[in-house]
Structures are given as structure tokens and as C-alpha cells.
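Notes follow the structure.
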Amino acid sequence: PTPLQYVPSALCCPSRASILTGKYPHNHHVVNNTLEGNCSSKAWQKIQEPYTFPAILKSVCGYQTFFAGKYLNEYGAPDAGGLEHIPLGWSYWYALEKNSKYYNYTLSINGKARKHGENYSVDYLTDVLRPTHRGRLLRSTRRLSRMSSHQETRTSTSTGRTSTG
């Protein structure tokens, strides 16, 4: 754990919204982890997403932007555009549906749903995302802003397997 951490809210979605917008929760109006609380709601998409840091980096500064992992707790909800919705500003999009686990999850890959199961060797989230990170970094000819939102990973020296912890 990192000492001296600071978050604008004790709840996940309001804190993530603050990271994306640079605003405190009373200014971006995400009040909890539900659609009704503005977590990835249509109102969030219309009012706040156009002003997130990736939207500005891409449209104003010419960056390529890359996202992988958990976006907002309710991302992918059918009432808010489903997994086809790619928030403004992202050039490459690999987002978990809602508040998913690292097995038995669905990813939105640039707006297309891809289901993953329980096969340890091919479905573990961070292992699935790793090649996309490396590939984008190596092939990028423009400035790249990368956001990867998932738990830390650790590799066992005895087994070589990755786990969260």
C-alpha cells in the first residue's frame, strides 16, 4: 500500500469521475456507484465526458489515448448505451463491463463485447490486457496517454503465475 493516499470521495465512482474530470464530486455530480447516482449515466456521458482529460488530450493536444481496465462501476449498463458506448476521447478502449472480476468478465474492445471465462492461462484480465499495452506503446507514432485501471499484479517466482494482491 502507498502511504498518504488522498481521494476526493470514499466511494469508487465519484473518485474515478474526479480523476477523469479534475473536479470534486459536488462539481461533477457523481454521488454514488449507481446509474441513478450519475455513475456512467446518460447525464454523465453528455455533460462530463466531453471535458475529461482524455477528451481534451485527444481533441486539443493531438494525443492518442488508451484505456484498459475498469472505467466506472456502471459502465456497460444497457440503460446507458451498453458496451457499444466508448466515452469521448479514447482512441483505444478495453473496458470491463460494470464492476467485473478478473475471470468470467466481458470486455468492451473498441465498442465490441468479448466474453472471457475461467481458463487461468488465457482469461486472466491483466494477462489479456498486457499485450495491448505493449503493442500500443511500441507502435505509437504520436504522443500517447495511457490509463490502466486494475488491481496491482504480482508474479510468483516459484510458479510464474500472476495474481492480484
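Condition check for T21 on (1) at pLDDT below 95; (2) in contact with a Ser or Thr (Cβ under 7 Å, 6 or more places away or on another chain); (3) surrounded by fewer than 22 Cβ atoms within 10 Å (Cβ to Cβ): one failure, at (1). Looking only at the range 116-165, which residues are in a strand (DSSP E or B), at pLDDT 80 or above, of a type in the set (S, T, N, Q) and out of contact with any Gly (no Cβ under 6 Å at 6 or more places or on another chain)? Across the range 116-165, the qualifying residue is only S145.
The sole residue among K46, K115, K42 that is in contact with a helix residue (DSSP H, G or I) (Cβ under 6 Å, 6 or more places away or on another chain), over 18 Å from R146 (Cα atoms), of a type in the set (K, R) and surrounded by fewer than 16 Cβ atoms within 10 Å (Cβ to Cβ) is K42.
The set of residues in the range 50-88 that are touching a Leu at 6+ places or on another chain (Cβ under 7 Å), outside any strand (DSSP E or B) and surrounded by fewer than 22 Cβ atoms within 10 Å (Cβ to Cβ) comprises P50, F53, A55, Y63, K70, A77, D79, A80. Residues in the range 10-31 that are within 22 Å of R146 (Cα to Cα) and among the polar types (S, T, N, Q): S15, S18, T21. Among the residues examined, I19 qualifies as under 28 Å from G135 (Cβ atoms) and not in a loop (DSSP other than H, G, I, E, B). When S91, S15 are screened for being of a type in the set (G, A, S) and crowded, with 19+ Cβ neighbours inside 10 Å, only S91 passes.
Among the candidates T34, T106, T52, single out the residue that is among the polar types (S, T, N, Q), touching a residue at least 24 places away in the same chain (Cβ under 8 Å) and under 21 Å from R146 (Cβ atoms). Full working, then the answer.
Values: T34 fails: under 21 Å from R146 (Cβ atoms); T106 fails: under 21 Å from R146 (Cβ atoms).
None of the other options fit; the residue is T52.
So in the range 97-112, with the set limited to residues that are modelled with pLDDT of 90 or more and small (G, A, S), which one is surrounded by the most Cβ atoms within 10 Å (Cβ to Cβ)?
Going through the range 97-112, the residues modelled with pLDDT of 90 or more turn out to be 97-98, 104-112.
Subset that is small (G, A, S): 108, 111.
Values: S108: 22, G111: 13.
Per the criteria, the residue is S108.
The values are calculated or read from the model by the stated rules, or taken from the named source; none is laboratory data. It should be emphasised that the depicted structure is a prediction, and the values quoted were computed from it without experimental measurement. Please note: Cβ atoms are built from the backbone with ideal geometry, for glycine as well, and neighbour counts cover all protein chains shown.
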